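One structure below.
The values are calculated or read from the model by the stated rules, or taken from the named source; none is laboratory data. Because the structure is a prediction, the values reported are computed rather than measured. Here the Cβ positions follow ideal geometry from the backbone for every residue, glycine too, while neighbour counts run over all protein chains shown. Calculation scope for accessible area: heavy atoms of the full protein, side chains included, ligands and nucleic acids excluded. Shrake-Rupley method; radii C 1.70, N 1.55, O 1.52, S 1.80 Å.
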Amino acid sequence: MHFHGPHIFMLLATFTCVLAACEKNTQSTLQPTAGEMAESGSFTTADEALRMAEALKISGAYTDALNVMTVAYRRFPGNAAVVSAYGRIALINGQDELAKHLLSEALVIAPDDWRALSAQGVLEARGGNISDARRMLDLANNTSGDDAVALNNLATAALLDGEPERAVPLLTRALASPSLKPMHRERVKRNMALALLMQGRVTEAEAYTHEKLPQPFDKAAIQRLIGVKNGPKTVIPSAKSWVPVIESAGS
């Protein structure tokens, strides 16, 4: 059975992690926050900027990571890795127009940048252009050499196009890939559970989630889990776990 749900790809929660320390001597000294470091551009090379943005992203400080890449983009114009990373973190922060411009620029500089291709595919899917999205994601996967993130994003395109039977083998390969990072594994497993649920394979799906899943698992339930464009405002608390994984910056 196929479900033809809305063509929306990802909506990651955006939140800022502020790190501050205060030590008391004869006068208080306040250490700079991650945000202040990002704004000041406390890096000297493009590689340093990419590493800083990646560390901020891993800590959940997506806004600070975006600030780092904004400064890096001005400081290192035309640097393929910087343009690509800036576009991807803009996408994660929900700045689709900025992301569209940057990802197009990145692919002009480096047409084989699979991370930019994958992110551009996500962007197309957000706009409902699922055929273009699948073409880009397929190319990204072929270019990446079966990277787990590319496999996951291609699988999610199949899920959102109502083809869970295409998604399962892709997600199986993603979960077995040595490129799958620990920070992404749980979300890929959630996508696998969703693919199995869409085929009515509830027991198998629960083996991936380790929790009881809603019954019956109909189209409306799937929409609540993956998010509905221009749809209901309320989404169940675990919804962010069901979105595709996007490589935002760095490696």
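Extending each Cα 7 Å along its Cβ direction at Asp146 and Thr45, get the distance between those two points in nm, one decimal.
3.3 nm
At 7 Å along Cα-to-Cβ for each site, give me the label-to-label distance between Thr172 and Glu97 in nm.
4.5 nm
What number comes out for accessible area per residue over the range 60-118 if the probe is 1.4 Å? Units Å², please.
Solvent-accessible surface per residue comes out at 37 Å².
So for the range 82-160, averaging the separation of alpha carbon pairs under 8 Å that are six or more residues apart and normalising by length, what relative contact order in percent results?
Relative contact order of the range 82-160: 23 percent.
What is the extension gain from Ile58 to His210, computed as 0.36 nm multiplied by their sequence separation minus the C-alpha to C-alpha distance, in nm to one decimal?
Result for the pair: 52.3 nm of gain on full extension.
Percent of accessible area on the range 73-112 owned by carbon and sulfur, 1.4 Å probe?
55 percent
Taking only the alpha-carbon atoms of the range 50-176, what semi-axes of the equivalent ellipsoid follow from 5 times the gyration tensor eigenvalues under a square root, in whole Å, largest first? Provide the component values of the computation, followed by the final result.
Values: eigenvalues 129, 45, 36 Å².
Working from the Cα gyration tensor, I get semi-axes of 25, 15, 13 Å.
Please state the relative contact order of the range 161-207 as a whole percent: Cα pairs under 8 Å, 6+ residues apart?
41 percent
To the nearest 0.05, how large is the calculated FRET efficiency for Gln199 and Asn129 if R₀ is 35 Å and r is the Cβ-Cβ distance?
The calculated FRET efficiency here is 0.85.
If each residue of separation counts as 0.36 nm, what is the full-extension length gain between Val108 and Asp138 once their alpha-carbon separation is subtracted? Write out the running numbers ahead of the final one.
Values: separation 30, 0.36 × 30 = 10.80 nm, distance 1.85 nm.
Between Val108 and Asp138, full extension yields an extra 9.0 nm.
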